[in-house]
Structure formats: structure tokens, C-alpha cells
Amino acid sequence: MRVEIYLGSFYTWLPYIAYAKGFFARNGLDATIVGDTGGGPVAFAALASGSADVAMGDLTLAGPYLERGVGLTAISGAVKAGWELVAPKGSTLPTSFPALAKALQGKTVGVVGLGSSSYYYVASLLQAAGVPTSSVSFAAVGGLPADFVSALDANRVAVATVTPDLAFYLVNDLGDKLVYDFNSAGALEQAGGLLGALAGKSDGLMWASNAWLHRYPGAAKRFQLAMDEADVWMHNPSNQSQVLALLGAEHDLAAFEKGPQGRAFLKQALPSIISWMPTGSARAFMRFWVHAGVLSHPIPSSIWVSPTMPRSASQVVAAVRAAGLGSLGDSA
């Protein structure tokens, strides 16, 4: 199988670890890792065309293909991570809801792109506070970390909507200010509504083409077990040095993660690395993206979620122990 990973991004750490530690091979999967620097749209175009067999993404990437009848199935979890809002150093913006949303009126918010998931998350936060999205200006900053650093340094945006790894660098290395974290269950629950329903949920999944799954019956179950084994091994505290070494060897660490901050970021990121999908995730995210207009109608999870997907960390650990690899660790 050809597996797309995103070089320099923690979003695909788990499948790379499954490959590098031999868990794919142990489960009878001959994996080729394809390092992708073009992001999710490029990876899913490859998946839909048949030039890749497995790629990581969420419903904003997979959903439009599903609506067009392209056969894709979510076969494993990968990462639980949302956007974070970071303001320039010295910002006086509040860090609570709904005060933050109201304070953004008349200001410019940096997003990856208009119509990207980063835009819709901020729009939902504004709507939850009763703030018209038209009262806020959105600036498409792009996908490069340097562009966000520049936009914040020059105060071209009041807040930037960034990934957790970039937020870690901006806050811990550059002294910028974290004002809202979409990864925080408490923050989402306080906002309520569709955002609140996402608390504790995840849609960072590994997707496979149905053509590949039909060609290799049982592949979804084998892939899931390999990811479960990587999950448990990766969360074993005694393996942290090995984890960093493996990721560094594949150039799968951002520049700031290679220095003294590497272990600190790994500690922060590990709770987001999950091979399972929490109960209720499929329904909650489907409702969110349909309401946002990214998808035109709900697609039943029975169509696109593999039945082999575990729903909790305890189920992951149990599967690994049942496979005879309890020595890998006792948490996921």
C-alpha cells in the first residue's frame, strides 16, 4: 500500500511510526511511505485517482469526494487536533468566550484560506456568540508557517488561526498570545451548539480507497491493528527518545521541534495522537460540516466508517494485548 504522510507535520506521525517500527509489516502490509508537502487536497486527489491507497484527512477533504460517489472509507484514527487562535505579543484581546468573539468585531482574522476549515471554525465561534461574520475581516494568509509569523509580527491580523504545532512555536518561542483553543473540550462546551458537540470528538482519520480495500480483503482490520500497536508504543513514556529519533530521521519534525523544545512539544502533542475515533464523532462532525455548507447533506457513517474502528483508548489497548503485544505499553 502507498500511504501519504505530511512531512514536518504531527498530523501523520502515527502512520509513520507504524511503518518505521515495523507494525505494518508485522500485520502483513507492505507499506510504501510517500512524503507529501502539498497538504490534504493533494493527498486526497492522489487517493481519488488511485495513485495513493491511504491518506490522512477529515470530512472537509473526504466528504466532497463521498458526495461525488468516490469510494473512500475511514479505516483508522490518526490525530485529534483543532485550530488555535494566536494573537501578536502584547495583545489585549480577552481569552474567554464570548468576550473574545465580541472583541474581534472590526478586526482582521488570519486564516489559511477563505472557505478552509480554519475559516469555518472561526465563523462558528462568532455565530455562537451572536457576532455577525460580516463584522470581521478575514485574511487568507496561506499554508506556510512563515506567513503567519510575518502576519503576526507586522500586526496585519488581530489573531491568526493556526495548527497546534505552529501555535506551540508562536507562544513558547516567539512570545505570542494564545487566545482560544479549539482543542479544549471546556472551551468548546462553553461555546455550545455545534461547536460544543465537537468536544472530545475527532475527525482526523486515515482514509483508504475502496478499490484497495476490495483488492485486499481484511486490509482495514490489519491496518487498524498496526496503528493501534503504534499508538500504544508511542504513548509509552520510556519510548519518547526513540519517537523523536525516528521522526527526526524522516524529517518529520518541524524546525523548532528538533531542539530543546522537541520533548516539550511531544509531551503536549501525544494526547492528540489517537488511532481510535471517540463515540459520536462521525455524527457530530457530519452535522458541523453540513451546517457550515462544506457538505450538502449528511452521509450515514455506515457508508464511510470501517466497523473495525475502536471507539476508546481502552479498546485499543485491549486489541494490542489480544494480539500478544501487551509489552508495548498500557495506554493509548
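Among residues of region 236-253 that are in contact (Cβ under 8 Å) with a residue 12 or more places away in the chain and over 14 Å from residue 10 (Cα atoms), those with a Cβ under 9 angstrom from a residue that is open to solvent by less than 60 Å² (accessible area, probe 1.4 Å) and of a type in the set (Ser, Thr, Tyr), sequence gap 6+ or separate chain, pair up as 236/331. A count restricted to region 28-50 and to residues that are among the hydroxyl-bearing types (Ser, Thr, Tyr) and over 10 Å from residue 209 (Cβ atoms) stands at 2.
Working carefully through the options 82, 77, 110, find the one that is surrounded by 15 or more Cβ atoms within 10 Å (Cβ to Cβ), small (Gly, Ala, Ser), within 22 Å of residue 183 (Cα to Cα) and modelled with pLDDT under 95. Steps first, please.
Details: 77 fails: modelled with pLDDT under 95; 110 fails: modelled with pLDDT under 95.
Exactly one of 82, 77, 110 is surrounded by 15 or more Cβ atoms within 10 Å (Cβ to Cβ), small (Gly, Ala, Ser), within 22 Å of residue 183 (Cα to Cα) and modelled with pLDDT under 95, namely 82.
Please determine, by comparing only the residues of region 296-321 that are in contact (Cβ under 8 Å) with a residue 60 or more places away in the chain, of a type in the set (Gly, Ala, Ser) and closer than 21 Å to residue 67 by Cβ, which one is least open to solvent (accessible area, probe 1.4 Å). For region 296-321, the residue satisfying everything is 306.
Count of region 110-144 residues, restricted to those that are more than 19 Å from the chain's Cα centre (by Cα) and of a type in the set (Phe, Trp, Tyr), is 1.
Of the residues that make up region 224-241, is at least one buried (at least 20 other Cβ atoms within 10 Å of the Cβ), charged (D, E, K, R) and more than 19 Å from the chain's Cα centre (by Cα)? Break it down stepwise before answering.
Initial filter on region 224-241 (buried (at least 20 other Cβ atoms within 10 Å of the Cβ)): 224-235.
Now narrow it down to the ones that are charged (D, E, K, R): 228-229, 231.
Among the residues that remain, those that are also more than 19 Å from the chain's Cα centre (by Cα) are: 229.
So far as region 224-241 goes, yes, one or more of its residues are buried (at least 20 other Cβ atoms within 10 Å of the Cβ), charged (D, E, K, R) and more than 19 Å from the chain's Cα centre (by Cα).
Among the residues of region 100-121, is any farther than 22 Å from residue 149 by Cβ, in contact (Cβ under 8 Å) with a residue 40 or more places away in the chain and either in contact with a Phe, Trp or Tyr (Cβ under 6 Å, 6 or more places away or on another chain) or of a type in the set (Phe, Trp, Tyr) (or both)? Yes, the conditions are met somewhere in region 100-121. Within region 128-141, the residues that satisfy the criterion of being closer than 26 Å to residue 63 by Cβ, open to solvent by 20 Å² or more (accessible area, probe 1.4 Å) and touching a residue at least 12 places away in the same chain (Cβ under 8 Å) are 128, 138, 139, 140, 141.
Within the group 33, 17, 5, which residue is open to solvent by less than 20 Å² (accessible area, probe 1.4 Å) and assigned to a strand (DSSP E or B)? Being open to solvent by less than 20 Å² (accessible area, probe 1.4 Å) and assigned to a strand (DSSP E or B) holds for just one of 33, 17, 5, which is 5. Taking the listed residues 259, 280, 293, the one that is within 23 Å of residue 144 (Cα to Cα) and of a type in the set (Gly, Ala, Ser) is 259, with no other qualifying. Among the residues of region 68-109, those that are small (Gly, Ala, Ser), within 19 Å of the chain's Cα centre (by Cα) and not in a loop (DSSP other than H, G, I, E, B) comprise 74, 76, 77, 78.
Kindly indicate whether residue 122 is of a type in the set (Val, Ile, Thr) and crowded, with 18+ Cβ neighbours inside 10 Å. Answer is yes for this residue.
Quick one: which residue in 188, 194 is buried (at least 18 other Cβ atoms within 10 Å of the Cβ) and free of Cβ contacts under 8 Å to residues at least 60 places away in the same chain? When all the criteria are applied, what remains is 188.
Check region 46-60 and report whether any residue there is open to solvent by less than 10 Å² (accessible area, probe 1.4 Å) and part of a helix (DSSP H, G or I). Taking every residue of region 46-60 in turn, at least one turns out to be open to solvent by less than 10 Å² (accessible area, probe 1.4 Å) and part of a helix (DSSP H, G or I).
Being closer than 20 Å to residue 1 by Cβ and open to solvent by 20 Å² or more (accessible area, probe 1.4 Å) narrows it down to one of 218, 293, so name that one. Step by step, each of 218, 293 is checked, and only 218 is closer than 20 Å to residue 1 by Cβ and open to solvent by 20 Å² or more (accessible area, probe 1.4 Å).
Test residue 151 against the criterion of being over 29 Å from residue 227 (Cβ atoms), at pLDDT below 95 and of a type in the set (A, V, I, L, M, F, W, C), and give yes or no.
On the way: over 29 Å from residue 227 (Cβ atoms): yes; at pLDDT below 95: no; of a type in the set (A, V, I, L, M, F, W, C): yes.
For residue 151, the condition - over 29 Å from residue 227 (Cβ atoms), at pLDDT below 95 and of a type in the set (A, V, I, L, M, F, W, C) - is not met.
The residue that is surrounded by the fewest Cβ atoms within 10 Å (Cβ to Cβ), among those in region 145-179 that are more than 23 Å from the chain's Cα centre (by Cα) and closer than 21 Å to residue 262 by Cα, is 175.
The values are calculated or read from the model by the stated rules, or taken from the named source; none is laboratory data. Just so it is clear, the model here is predicted, and its values are computed rather than measured. In this analysis, Cβ positions are derived from the backbone assuming ideal geometry, glycine residues included, and neighbour counts consider all displayed protein chains. In case anyone asks, the SASA skips ligands and DNA or RNA and just uses the protein heavy atoms, side chains included. Shrake-Rupley method; radii C 1.70, N 1.55, O 1.52, S 1.80 Å.
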